[in-house]
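First up is the structure itself, then whatever we jot down about it.
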Amino acid sequence: MIGIYGANYKIAILMSIFIQAFRYAAEPYFFQQNKEADSRKNYVRVMNYFVIFCGFIFLFVMLYINIFKHFLRSAEYWQGLSIVPLIMLANIFLGIYVNLSMWYKLSGQTLFGAWFSLVGTAVTIGFNYYFIPKWGYMASAWATILAYFSMMVVSYIFGQKYFPIPYNIKKIAFFIILAWLLYYISHLLPFDNPALLFLINTLLFFPYFYAVYLFDKPIRDFIQKLMMKYGIRR
């Protein structure tokens, strides 16, 4: 079971790499921006773009999972592919937590970080203890989601109390839910033809692209400028 879990966990490595890169780049940026008058608006923009890009990565991996699964050493590991969307979603929650965690660093209250980590650890240990005997490696995937989600929520609650930043929660939730729904539609497709699946899954990207264009004004303005530059009319 551990081998199956570990092998499929690696498929989510693309999301993990992005979050690690973001973590290293974001902290210096946040500290630099903290000196600016509109710093908190910039933090909101960073969060929005982070979630949108995570949605793209999630869809890229999950809509083409039938391609990515061939990177596993053996077809025997394919039975564990069901953990991949859960681990991907868990990593999105971790990335959001990384964004949110800047508040206690910027305000010099880093002790909160230790407490939030303890919350995640307690959830992980407790959930695994009770549910691994029943669910096997699926319990570990759900424990990862719940741990990162718990850390994200408590960080947001305390952050709004001590260092309020007006994050657009509805927008964040919308893009996460939309990405999950598009993946779920793909998951339900009753086709076995690889070429047809590839085509339909590629088309499933377009609702997400359109939602980004529709609901994010800076991106919409940027696209419209490009269209005008190259003489493309809507």
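Quick one: M151 ticks every box in (1) of a type outside the set (K, R); (2) under 29 Å from N42 (Cα atoms); (3) touching a Leu at 6+ places or on another chain (Cβ under 9 Å); (4) modelled with pLDDT under 90 bar one, so which box is it?
Every listed condition holds for M151 apart from (4).
Taking I165 and the conditions (1) surrounded by 17 or more Cβ atoms within 10 Å (Cβ to Cβ); (2) out of contact with any Lys or Arg (no Cβ under 8 Å at 6 or more places or on another chain); (3) over 21 Å from G3 (Cα atoms); (4) in contact (Cβ under 8 Å) with a residue 40 or more places away in the chain, which numbered condition does it fall short on, given that it satisfies the others?
(2)
Go through the residues of segment 74-90 one by one and say whether even a single one is modelled with pLDDT under 95, in a helix (DSSP H, G or I) and in contact with a Gly (Cβ under 8 Å, 6 or more places away or on another chain).
yes
Could you check F30 against (1) within 30 Å of S140 (Cα to Cα); (2) surrounded by 13 or more Cβ atoms within 10 Å (Cβ to Cβ); (3) of a type in the set (A, V, I, L, M, F, W, C) and say which number it fails?
Failed condition: (1).
Which condition breaks for L72 when tested against (1) more than 20 Å from A26 (Cα to Cα); (2) free of Cβ contacts under 8 Å to residues at least 12 places away in the same chain; (3) of a type outside the set (F, W, Y)?
It is condition (2) that L72 fails.
Quick check: is even one residue across segment 10-29 part of a helix (DSSP H, G or I), among the hydroxyl-bearing types (S, T, Y) and within 21 Å of Y156 (Cα to Cα)?
yes
Matching residues to (1) modelled with pLDDT of 95 or more; (2) touching a Phe, Trp or Tyr at 6+ places or on another chain (Cβ under 9 Å):
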| position | (1), (2) |
| --- | --- |
| Y130 | no, no |
| Y162 | no, yes |
| I177 | yes, no |
| P190 | no, no |
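Kindly indicate whether F149 is closer than 28 Å to Y9 by Cβ, within 15 Å of the chain's Cα centre (by Cα), surrounded by 17 or more Cβ atoms within 10 Å (Cβ to Cβ) and touching a residue at least 12 places away in the same chain (Cβ under 8 Å).
yes
Can you tell me which residues in segment 168-209 are under 23 Å from V46 (Cβ atoms) and either aromatic (F, W, Y) or surrounded by fewer than 14 Cβ atoms within 10 Å (Cβ to Cβ) (or both)?
Passing the criteria: I169, K170, A173, F174, F175, I177, W180, Y208, F209.
Kindly indicate which of A141, A122, A114 is part of a helix (DSSP H, G or I) and touching a residue at least 60 places away in the same chain (Cβ under 8 Å).
A141
How many residues, within segment 33-69, are surrounded by fewer than 21 Cβ atoms within 10 Å (Cβ to Cβ), part of a helix (DSSP H, G or I) and small (G, A, S)?
Final tally of qualifying residues: 1.
The values are calculated or read from the model by the stated rules, or taken from the named source; none is laboratory data. Nothing here was measured: the structure is a model prediction, and the numbers come from that model. Virtual Cβ from ideal backbone geometry, glycine too; neighbours counted across all protein chains shown.
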